[in-house]
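Structure, as structure tokens:
The values are calculated or read from the model by the stated rules, or taken from the named source; none is laboratory data. Because the structure is predicted, anything quoted here is derived from the model rather than measured. No Cβ is skipped: glycine too gets one built from the backbone with ideal geometry, and neighbour counts run over all protein chains shown.
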Amino acid sequence: MKGKLRSLLDASRADEAIAAAESYRAEGGVMDDELFYLLGNAWRKKGNWQMAMNNYLEAIHLNPESPAKQALEIANEILDFYNKDMYNQ
């Protein structure tokens, strides 16, 4: 499953990656930290920061050393930047 998600994300097919991950989970597939991280990346590529961050948090919960930790930090920095700009308009 991880390879499939990586391939879909590399091909900029985030919708298909999300559908595949959700289908895998619905069928009883075990979601580990890497799958949550990849699912977070798919949501981020679609611009849905809340879903991306939720999945990153799940990954970090399962593995505190997950690459999702850095992805979450970066997402927070980006959103902090956007929020500051909104207030300065």
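General observations
- Scanning the range 30-59 for residues that are touching a residue at least 12 places away in the same chain (Cβ under 8 Å) and not in a helix (DSSP H, G or I) yields 31, 32.
- Residue in the range 72-86 that is buried (at least 16 other Cβ atoms within 10 Å of the Cβ) and polar (S, T, N, Q) present: no
- Residue within the range 77-85 that is at pLDDT 95 or above, part of a helix (DSSP H, G or I), aliphatic (A, V, I, L, M) and out of contact with any Pro (no Cβ under 9 Å at 6 or more places or on another chain) present: no
- Single match in 47, 40 (criterion: of a type in the set (Gly, Ala, Ser) and surrounded by fewer than 16 Cβ atoms within 10 Å (Cβ to Cβ)): 47
- Apart from one condition, residue 17 fits all of (1) out of contact with any Ser or Thr (no Cβ under 9 Å at 6 or more places or on another chain); (2) buried (at least 16 other Cβ atoms within 10 Å of the Cβ); (3) not hydroxyl-bearing (Ser, Thr, Tyr); the exception is (1).
- All conditions but one from (1) on the phi > 0 side of the Ramachandran plot; (2) modelled with pLDDT of 95 or more apply to residue 28; the one that does not is (2).
- Leading residue by the ranking (nearest to the chain's Cα centre (by Cα)) among those in the range 20-37 that are of a type in the set (A, V, I, L, M, F, W, C) and surrounded by 13 or more Cβ atoms within 10 Å (Cβ to Cβ): 36
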